[in-house]
1. Inside the stretch 1-26, can you point out the residues that are among the polar types (S, T, N, Q) and at pLDDT below 85?
2. Suppose the filter is assigned to a helix (DSSP H, G or I), in contact with a Lys or Arg (Cβ under 8 Å, 6 or more places away or on another chain) and modelled with pLDDT of 85 or more; does Val93 pass it?
3. The conditions are (1) among the basic types (Lys, Arg); (2) in contact with a Lys or Arg (Cβ under 7 Å, 6 or more places away or on another chain); (3) modelled with pLDDT of 80 or more, and Lys42 fails exactly one of them. Which is it?
4. Please note which helices (runs of 4 or more DSSP H) are completely contained in the stretch 12-84 and include at least 2 residues that are surrounded by 14 or more Cβ atoms within 10 Å (Cβ to Cβ) and in contact with a helix residue (DSSP H, G or I) (Cβ under 8 Å, 6 or more places away or on another chain).
5. Answer with yes or no whether Glu84 is under 30 Å from the mean Cα position of the chain (by Cα) and of a type in the set (Asp, Glu).
6. Can you go through Leu50, Leu57 and tell me which one is in contact (Cβ under 8 Å) with a residue 24 or more places away in the chain and not β-branched (Val, Ile, Thr)?
7. Being out of contact with any strand residue (DSSP E or B) (no Cβ under 6 Å at 6 or more places or on another chain) and more than 30 Å from Val74 (Cβ to Cβ) is the requirement here; does Asp12 meet it?
Amino acid sequence: MQDKKIVRSVTDSLSRLNETKSQVADSIDHTKVTKRMHDISKPSSPSSNLKKAGVALIVSAPDPITDVAGVALVATSFAVKRREPTKLEDLAVETRKILREIQSLRL
């Protein structure tokens with residue numbers, strides 16, 4: 001008899017927990033969470049924005065002043081490319097490399 005009460009109590013508790021979880025999930029604004037997760041997994045590259053701005057200056061107004069600024073922006077984008085933010089994929093690749101090197105060092 002005691003076992004049935006415990007099972008019923010656990011079942012009721014789990015059903016209330018599921019209801020609460022679904023209510024919380026419905027109340028969360030997924031757009032903000034999705035954007036933040038995208039920013040973490042694939043951060044934006046400043047070099048691509050500089051390159052786009054430089055090409056836009058070169059193509060949109062073909063006069064010597066904007067061409068010089070456009071070429072400078074494109075050149076800067078290649079220099080800044082080395083300082084791009086690290087992606088999660090890059091961290092995973094580096095972790096695998098390090099683990100392989102550690103495993104090869106075992107005696």
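The values are calculated or read from the model by the stated rules, or taken from the named source; none is laboratory data. Everything numeric in this text was worked out from a predicted model, so none of it was measured. Note: ideal-geometry Cβ built from the backbone for every residue, glycine included; neighbour counts use all protein chains shown.
1. Gln2
2. Numbers: assigned to a helix (DSSP H, G or I): yes; in contact with a Lys or Arg (Cβ under 8 Å, 6 or more places away or on another chain): no; modelled with pLDDT of 85 or more: yes.
It is false that Val93 is assigned to a helix (DSSP H, G or I), in contact with a Lys or Arg (Cβ under 8 Å, 6 or more places away or on another chain) and modelled with pLDDT of 85 or more.
3. The number of the failed condition is (3).
4. Because the criterion is at least 2 residues that are surrounded by 14 or more Cβ atoms within 10 Å (Cβ to Cβ) and in contact with a helix residue (DSSP H, G or I) (Cβ under 8 Å, 6 or more places away or on another chain), the helices (runs of 4 or more DSSP H) in the stretch 12-84 that meet it are 46-60, 64-80.
5. Yes, satisfied.
6. Leu50
7. Yes: the conditions hold for Asp12.
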